[in-house]
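Below: the structure, in structure tokens.
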Amino acid sequence: MLQLTADERRALRARAHGLNPVVSISQNGLSESVLKEIDASLNAHELIKVRVYGDDREARDAYMTAICTQLGAGAVQQIGKLLVIYRPSAILAAKKAAAAPRKKAEPRRTKRSFQGGSKR
């Protein structure tokens, strides 16, 4: 299970605010196919929301811990029936590093003084 600091969790909550749930857990519970879908979504997005249909709070807590321990993810937040889960992806990190614009070299500056006035 990935441990997140409070600052990391706060930044991830801010990033997750505009996300829609990508996986739903319904009456069948946390099946193997649901875990595979969560794993695929984490590989593609790093940060996902999972909607749990059901009113049992203890079951939602159990789902969150089971997902995080089995997939090596970190629990970011649980609001009502929404679970926010994060797992860093090596594939996305490599893509971001390759796509990052390279910093241009600063132009060479020469010292010029325009205070001398004109020579007549």
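Applying the selection to the range 48-89, what residues are among the hydrophobic types (A, V, I, L, M, F, W, C), under 13 Å from Val22 (Cβ atoms) and surrounded by fewer than 20 Cβ atoms within 10 Å (Cβ to Cβ)?
Leu82
Give the range 89-111 a look and list any residue that's part of a loop (DSSP other than H, G, I, E, B) and either of a type in the set (Val, Ile, Thr) or in contact with a helix residue (DSSP H, G or I) (Cβ under 9 Å, 6 or more places away or on another chain) (or both), or say none.
Selection gives Ser89, Thr110.
Does Arg13 qualify as being under 11 Å from the mean Cα position of the chain (by Cα) and over 20 Å from Ala90 (Cβ atoms)?
For Arg13, the condition - under 11 Å from the mean Cα position of the chain (by Cα) and over 20 Å from Ala90 (Cβ atoms) - is met.
Mind checking whether some residue in the range 59-78 is in a loop (DSSP other than H, G, I, E, B), over 21 Å from Leu2 (Cα atoms) and either at pLDDT 95 or above or not aromatic (Phe, Trp, Tyr) (or both)?
no
Anything in the range 58-74 that is without any contact (Cβ under 8 Å) to a residue 40 or more places away in the chain and touching a strand residue (DSSP E or B) at 6+ places or on another chain (Cβ under 7 Å)? List them, or say none.
Arg60, Tyr63, Met64, Ile67
Could you check, for the range 47-57, whether at least one of its residues is under 16 Å from Leu30 (Cβ atoms), in a helix (DSSP H, G or I) and of a type in the set (Asp, Glu)?
No, because not a single residue in the range 47-57 is under 16 Å from Leu30 (Cβ atoms), in a helix (DSSP H, G or I) and of a type in the set (Asp, Glu).
Each row is one residue, and each column tells you yes or no for (1) part of a loop (DSSP other than H, G, I, E, B); (2) surrounded by 15 or more Cβ atoms within 10 Å (Cβ to Cβ); (3) at negative phi.
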| residue | (1), (2), (3) |
| --- | --- |
| Asp7 | no, no, yes |
| Arg10 | no, no, yes |
| Arg15 | no, no, yes |
| Gln27 | yes, no, yes |
| Ser41 | no, yes, yes |
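Restricting the first residue to the range 37-50 and requiring it to be more than 14 Å from Tyr63 (Cα to Cα) and without any contact (Cβ under 8 Å) to a residue 40 or more places away in the chain, which pairs with a second residue that is part of a strand (DSSP E or B) and not aliphatic (A, V, I, L, M) meet a Cβ separation below 7 Å and a spacing of at least six or different chains?
Leu47/Tyr86
The values are calculated or read from the model by the stated rules, or taken from the named source; none is laboratory data. The structure presented is a predicted model; accordingly, all values stated were derived computationally and were not measured. Glycine gets a Cβ as well: all are built from the backbone with ideal geometry, and neighbour counts include every protein chain shown.
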